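Undergrad: Provided herewith is a single structure, encoded as structure tokens, for subsequent inquiry.
The values are calculated or read from the model by the stated rules, or taken from the named source; none is laboratory data. Bear in mind that the values here come from a model prediction, so they are computed numbers and not experimental data. Reconstructed Cβ throughout: ideal geometry from the backbone, glycine too, with neighbour counts over all protein chains shown. Surface accessibility is based on the protein's heavy atoms, side chains included, excluding ligands, DNA and RNA. Shrake-Rupley method; radii C 1.70, N 1.55, O 1.52, S 1.80 Å.
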Amino acid sequence: MKRIYLDYAATTPTHPEVVKAMLPYFTDAFGNPSSLYSYGQESKGAIEKARVEVAKLIGARDEEIVFTSGGTGADNFAIKGVAFANENKGNHLITSSIEHYAVIEASKFLGKKGFKVTYLPVDEYGLVDPGDVKKAITNKTILISVMHANNEMGTIEPIAEIGKIASEEGIPFHVDAVQTVGHIPVDVNGLEVNLLSMSGHKLYGPKGVGALYIRKGTKLVPFMHGGDQERSRRAGTENVPGIVGFGKAAEIAQQEVDKEAEHLSYLRDKFIKGILRQIDHAHLNGHPSRRLPNNVNVSVDFVEGESMLLNLDLEGICTSTGSACSSSSLEPSHVLLAMGFSHEKAHGSLRLTLGKWTTDQEIERVLEVLPKIVANLRSMSPLLKSNI
Ligand SMILES: *Cc1c(COP(=O)(O)O)cnc(C)c1O
């Protein structure tokens, strides 16, 4: 059976060109970038070349990019790094209630260490209101962190507006842009951000590598203590093949981002229309237009998200759900709950995320299979009998 992969928000396949670029750094060019002989300096050069490409992708300067172990590493570095560097100024952080766990859990950790955290609400589309950010600011606020686009709903947040507020107040602004970099144009100056997280494996690069953009002059404590790699901000021998792969992915993204976003938006809209037309009592989740080009997230009443997921899996179709049993907890996704979903409605959510290699035929195949799965599940559903 041919597999249909519709979970690009969870991870992307590594681009063949990326793999090709990485390979020599496992074998011939294995030198330690800190070694002074030319062999080591070749590795160092490869890292610096990757840094240029990652910087270019987001309109940054090379020296403002610090490589990390991924999106989680970048988020933790930004939040803890800024909090601990500014303890003498204040102890208040502002973030949203729909952030990725990397931001939520890092903030909760700080909450236990004497910091105060405001978790801003969102509206029914998952949007943060910049007015709420402004209202939450106190003279003790030392960091604002709001994600660029939500990984579940695909809702794109008003980052430029929030950036303007943060910059007027002189408060460092961190943005988790793991879902947007390489997928829509991202410019750190237009958005007025101080810190921005990226991850290699969400943009056709390898797993286990990412980067934090740190605007010149932003104070934060080092994330790792040790050698003087990454200008002493993140000690440890660099993941040379990973960084090279991430750099190559960034280079490809610069060339393809606009065209790809346009193509995926078209496929996405066709997909959403098809689902809503063919399945009764199905609803689009997230914002209809302020939305990632590759994100389809729907709720289907009277069926469980994970039942749809498992039945789609039997057909070779990979998807994701924000409903309870997909994770080890019994709670539905914090994002759906923050958007005001009842537990019942949250249980029927299904996320389908498209990517570079998604075809019209694949979408048509899902549009053929999914309505049958839903009809079948509904015919067995006690929820349906009592509700319709
Ligand atoms: C995937 C993801 C992360 C975590 O990135 P890793 O590289 O997997 O650690 C953080 N934030 C968002 C929004 C993500 O989608």
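Undergrad: When the residues of the stretch 133-162 are narrowed to those that are open to solvent by less than 10 Å² (accessible area, probe 1.4 Å) and within 26 Å of residue 114 (Cα to Cα), which ends up farthest from the ligand (Cβ to nearest atom)?
TA: Taking the candidates together, the pick is 142.
Undergrad: Hey, another quick one. Within the stretch 57-68, which residues are surrounded by fewer than 16 Cβ atoms within 10 Å (Cβ to Cβ) and on the phi < 0 side of the Ramachandran plot?
TA: Residues satisfying the conditions are 61, 62, 63.
Undergrad: Please work out which one of (1) open to solvent by 40 Å² or more (accessible area, probe 1.4 Å); (2) within 14 Å of the ligand (Cβ to nearest atom) is the condition residue 125 fails and give its number.
TA: All conditions are met except number (2).
Undergrad: Would it be correct to say that residue 219 is in contact (Cβ under 8 Å) with a residue 12 or more places away in the chain, open to solvent by 30 Å² or more (accessible area, probe 1.4 Å) and either among the aromatic types (Phe, Trp, Tyr) or more than 20 Å from residue 10 (Cβ to Cβ) (or both)?
TA: So residue 219 passes the test.
Undergrad: Here is a further query. Would you mind stating whether residue 73 is part of a helix (DSSP H, G or I), more than 21 Å from residue 158 (Cβ to Cβ), in the same structural domain as residue 151 (by TED's automatic domain parsing) and away from the ligand (no atom under 12 Å from the Cβ)?
TA: Considered against the rule, which asks whether it is part of a helix (DSSP H, G or I), more than 21 Å from residue 158 (Cβ to Cβ), in the same structural domain as residue 151 (by TED's automatic domain parsing) and away from the ligand (no atom under 12 Å from the Cβ), residue 73 comes out as no.
Undergrad: Follow-up question, since we're still on this one. Out of the residues in the stretch 346-381 that are among the aliphatic types (A, V, I, L, M) and in a loop (DSSP other than H, G, I, E, B), which is nearest to residue 282 (Cα to Cα)?
TA: 380
Undergrad: Same structure again: Give the stretch 233-268 a look and list any residue that's open to solvent by 60 Å² or more (accessible area, probe 1.4 Å) and charged (D, E, K, R), or say none.
TA: Within the stretch 233-268, 256, 258, 259, 262 meet the criteria.
Undergrad: Search the stretch 184-205 for residues being buried (at least 24 other Cβ atoms within 10 Å of the Cβ) and within 11 Å of the ligand (Cβ to nearest atom), and hand back the single one that is nearest to residue 253 (Cα to Cα).
TA: Selected residue: 203.
Residue by residue, here is whether (1) touching a strand residue (DSSP E or B) at 6+ places or on another chain (Cβ under 8 Å); (2) farther than 28 Å from residue 135 by Cβ; (3) within 16 Å of the ligand (Cβ to nearest atom) holds:
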| residue | (1), (2), (3) |
| --- | --- |
| 86 | yes, no, no |
| 93 | yes, no, no |
| 103 | yes, no, yes |
| 106 | no, no, yes |
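Undergrad: Only residues that are outside any helix (DSSP H, G or I) and under 25 Å from residue 291 (Cβ atoms): list them for the stretch 103-142, please.
TA: Within the stretch 103-142, 119, 120, 121, 122, 123, 124, 125, 126, 127, 128, 129 meet the criteria.
Undergrad: Turning to a different aspect of this structure: Would you point out the residue of the stretch 206-225, among those that are in contact with a strand residue (DSSP E or B) (Cβ under 9 Å, 6 or more places away or on another chain) and among the basic types (Lys, Arg), that is farthest from the ligand (Cβ to nearest atom)?
TA: 215
Undergrad: What's the number of the only condition in (1) farther than 20 Å from residue 287 by Cβ; (2) open to solvent by less than 10 Å² (accessible area, probe 1.4 Å) that residue 98 fails to meet?
TA: Every condition holds for residue 98 apart from (1).
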